[in-house]
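Every number in this text was worked out from the coordinates using simple rules, so none of it is lab data. Model, not experiment: these values are computed from the prediction. Every residue, glycine among them, receives a Cβ derived from its backbone with ideal geometry; neighbour counts consider all protein chains shown.
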Amino acid sequence: MAVFSPDELGRYARHIMLKEIGGAGQQKLKAARIALVGMGGLGAPAGLYLAGAGVGGLRLIDDDRVSLSNLQRQVLYRSGDMGRLKVQAGAEALRALNPHVALEAAPVRLTAENAAGLLAGVDVVLDGSDSFATRHCVNHAAHAGGVTLVSGAVGRFSGQVGVFASGRTRGFAPAQRLPCYACFAPLAPETEETCAQMGIIGALTGIIGSMMALEAIKVVTGAGVGLSGRVLVYDGLAAQCRTVALPVDPACPVCGVATEDHAPSH
Ligand SMILES: [Zn+2]
C-alpha cells in the first residue's frame with residue numbers, strides 16, 4: 001500500500017475524513033486507472049474532479065481540438081488553448097491541478113479497432129462522447145475487458161447518467177448479471193443530433209459530468225449505492241430528477257447468453 005506524502009494528505013483531507021472514503025478509499029483512488037472517452041462538455045468537468053480526487057492515472061481519449069464555441073461549457077480549457085488538441089491542453093491543465101496524477105493523452109478517435117487497446121489496464125471508463133457509434137464501441141470493449149462503464153449524455157437542457165458493469169458479471173448465471181449499454185440503447189437512431197445541431201446549456205454538462213465523476217469514485221471506493229442497473233435522468237428546465245431501472249436484455253448482441261464465451265476475467 002502506497003504511503004501518502006504530506007502534500008497528498010493535505011489535498012485529500014476532506015475525502016479522508018468521510019467515513020465512506022477514508023484513508024482506505026483514498027488508497028483505492030490512487031491505485032485506480034480511469035479512461036475518459038471524449039474531452040468535451042462531460043469529459044472536461046469529470047476530468048477536473050477525478051484529477052482533484054487523486055485518481056492515480058487518467059487516460060484522455062479525444063482527437064478534437066479546442067474551438068471558440070467549446071469554451072461556454074468545456075471548463076478545462078482557456079481562451080489561449082484554442083486550436084490545441086484537447087487531450088494535450090487537458091492533460092496540461094490536470095497536471096497543473098494535481099501533479100500526483102499520471103496522465104496519458106491519446107489524440108485519437110476511439111473505434112472498434114482500437115477500443116480494446118485504449119481501454120487496456122483501466123478499471124473504469126467514462127464515456128462522454130457525442131456519437132452513438134463511439135458509445136457502442138466503448139460498451140463492447142468495456143464488456144469484453146471487464147471494465148465498468150460510466151456513460152453520460154446531454155442535449156439542450158437535460159441529461160442522463162448510467163453505470164454499466166456487465167463486464168464484471170460476464171459468465172454469471174443470467175439472474176446475477178448486470179445490463180450493458182446495449183441492453184439500454186440497442187439501436188442507434190437513424191439521425192443523431194449533436195450539441196452543434198441542437199444546442200446545450202453549459203451548466204448542464206457540468207452537472208452530468210460531475211455526476212459521472214462521482215459515480216466513478218463510488219465504483220472505485222465502493223461508497224454508497226451505485227447506479228449500476230439504473231439510469232438517472234435529469235431535466236434541468238423542470239429541475240427534476242428520476243432514476244429508471246434497466247433490465248438485462250437476454251438477447252442483447254453484446255452481453256446476451258448467445259454471446260457467452262468464457263469465464264469472467266474479474
Ligand atoms: Zn447488453
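In the chain, a dipole from Cβ-located charges (positive for Lys and Arg, negative for Asp and Glu) runs towards its positive end, and of Val154, Ile16, Val75 it is Ile16 whose Cα lies farthest in that direction.
State the antiparallel share, in %, of DSSP beta bridges confined to region 1-151, rounding to the nearest 5. Counting DSSP beta bridges with both partners in region 1-151, the antiparallel share is about 5 percent. Please work out whether region 90-197 counts as rounded, prolate or oblate from its C-alpha gyration tensor, where a ≥ b ≥ c are the square roots of the eigenvalues and a/c under 1.5 means rounded, while otherwise a/b larger than b/c means prolate and anything else oblate? Oblate shape, in that a/c is at least 1.5 and b/c is the bigger or equal ratio. Helices meeting the span-like rule in the chain (full DSSP H runs, Cα extent of at least 30 Å along the helix axis, mean Kyte-Doolittle score of 0.0 or higher) are absent.
From helices alone, the chain scores -9500 deg cm²/dmol at 222 nm; the rule is -39500 (n - 2.57) for each run of n ≥ 4 DSSP H residues, then divide by the residue total. Amide H contacts for Arg230 (H built 1.01 Å from N in the peptide plane; partners 5 or more residues away or on another chain; cut-off under 5 Å): Val163, Leu246.
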